[in-house]
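In what follows, a structure is listed as structure tokens, so that the remarks can point back to it.
Read-outs: derived from the displayed coordinates by stated rules, not from any lab. Values in this document were obtained by computation on a predicted structure and should not be read as measured data. Ideal geometry is used to build each Cβ from the backbone, glycine not excepted, and the neighbour counts take in all protein chains shown.
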Amino acid sequence: MMIFYIIYYYVIILSMNDIQQIAIIGQTASGKTSLAIELAKKIDAYILSLDSLSIYKEIDIVSAKPTIQERDGIKHFGIDEIYPNEPFSVQTFISLYQKVYQQCQKDNKSLVIVGGTSFYLKMLIDGISPLPHISTKTKNDTLSLLTDINQAYSFLQKIDPIYTQSIKPNDRYRLQKALEIYIQTHTIPSKYFQNNPPVSYIQGDMNIYEIVWQRDEIRERIKQRTKLMLKDGLIDEIVYLEAKYTREPNCMKAIGIKETLAYLDGKLDKTQLIDKISTNTARLAKRQKTFNNSQFENVFKGSLTKLKQTLL
């Protein structure tokens, strides 16, 4: 009888870890969001959004995040998590993934991961090196060095020329992190990362599906979505965001926001605004496609219609 209970216990534990995970990637305006919601309803799943704009509260229209009605009762993570003046990093999405995974285990749900910022999915799969605890003194010492960013870059270049090759002289964020590691651990960054290799955060198996469109088709979808954004109140949203948060936060430099700010400055008319947003978004779509093609393996690719037939 005791053996029976031990076996039963391990079967329960294994079943708790056996969560179905599906990732949907693709260019912006490719139809990922609607497909993810339909799929989540079919397989009884929660959704984790990997999108660098949808994570912000109050950035609704320009991020093209699904409305409450469009979410259709499906619980979403990664949407409306922080305010525009709050910072986030890839670690934010790692924490969100760990949170939603545990919630799926608890609620016996599947998980659908979706978003245009595939970089975060790549980091979840490949992992990132664990960073050391950075003391207040180290932070202050690093900020003192960064008062002259050129001098700080030269200093890092001198102590770790190999690692510095991967950092641009004006990349203040990565420069700060590298200097903090050195000051805190007395180890040059290249050696530190060699001693602390990245570890994947994805638990279990995960299938990746990519929606593919022809270039002319995706450009037309982008243009139509841009027009819809203006109709839904894009300009009013950006006026509100600028008044509340100023133009300083990084998110205020995102595509759709920076062009609208130029319109508000009188540099563009509405026709030019639509063209500018559409053009820059199309360029982003091209970069997304290139990234997806080069960074992910064993991906099931197909048109939106084909993936709907496959998944639904």
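Remarks
- With the Kirkwood sum run over all distinct C-alpha pairs, the stretch 136-195 has a hydrodynamic radius of 11.2 Å.
- For the peptides 252-260, 48-56, 278-286, 131-139, the ranking by packing is 48-56, 252-260, 278-286, 131-139, with the highest mean count of neighbouring Cβ atoms within 10 Å listed first.
- Protection proxy ranking of 290-301, 168-179 - average other beta-carbon atoms within 10 Å, highest first: 168-179, 290-301
- Here Lys177 is the anchor, and the lysines within straight C-alpha reach of less than 26 Å, apart from those fewer than 8 places off in the same chain, are Lys99, Lys122, Lys137, Lys139, Lys158, Lys168, Lys191, Lys253.
- Spin-label pair Lys231-Gln20: with each label point 7 Å from Cα along the Cα-Cβ axis, the two points sit 3.5 nm from one another.
- Of all DSSP beta bridges confined to the chain, the antiparallel ones make up roughly 5%.
- The phi-based Karplus calculation (6.51 cos²θ - 1.76 cosθ + 1.60; θ = phi - 60°) puts the 3J(HN,Hα) values of the stretch 242-247 at 5, 5, 8, 10, 6, 9 Hz, whole numbers, x for Gly and Pro.
- Distance from the stretch 57-73 to the stretch 148-194 (C-alpha centre basis), Å: 39 Å
- Per-selection Rg to Rh, the chain - Cα, Kirkwood hydrodynamic radius: 1.01
- Whole-Hz Karplus values for the stretch 229-240 come out as 4, 5, 5, 7, x, 4, 4, 4, 5, 5, 4, 5 Hz, taken residue by residue from phi with 6.51 cos²θ - 1.76 cosθ + 1.60 and θ = phi - 60°; glycine and proline positions read x.
- Rounded if a/c under 1.5, otherwise prolate or oblate - the stretch 45-109, Cα gyration tensor axes: oblate
- Amide N proximity, the stretch 33-64 versus Tyr240 label position 7 Å along Cα-to-Cβ, cut-off under 12 Å: 57-62
- Bridging of Lys41 to aspartates and glutamates at a Cα separation below 16 Å is possible for Glu70, Asp72, Asp107, once same-chain residues fewer than 8 apart are set aside.
- Glu210 long-range amide H proximity, modeled H, under 5 Å: Ile25, Phe300, Lys301, Gly302
- Residues with amide H under 5 Å from that of Ile113, placed H, sequence gap 5 or more: Ile22, Ala23, Ile24, Leu48
- Virtual spin-label span in nm between Lys99 and Ile43, 7 Å along Cα→Cβ: 2.3 nm
- Once the Cβ-Cβ distance of Thr279 and Lys137 is raised to the sixth power relative to R0 = 51 Å, the FRET efficiency obtained is 0.60.
- Intensity falloff of the stretch 87-154 expressed as log10 I(q)/I(0), Debye formula with alpha-carbon point scatterers, at q = 0.14, 0.23, 0.25 Å⁻¹: -0.66, -1.05, -1.11
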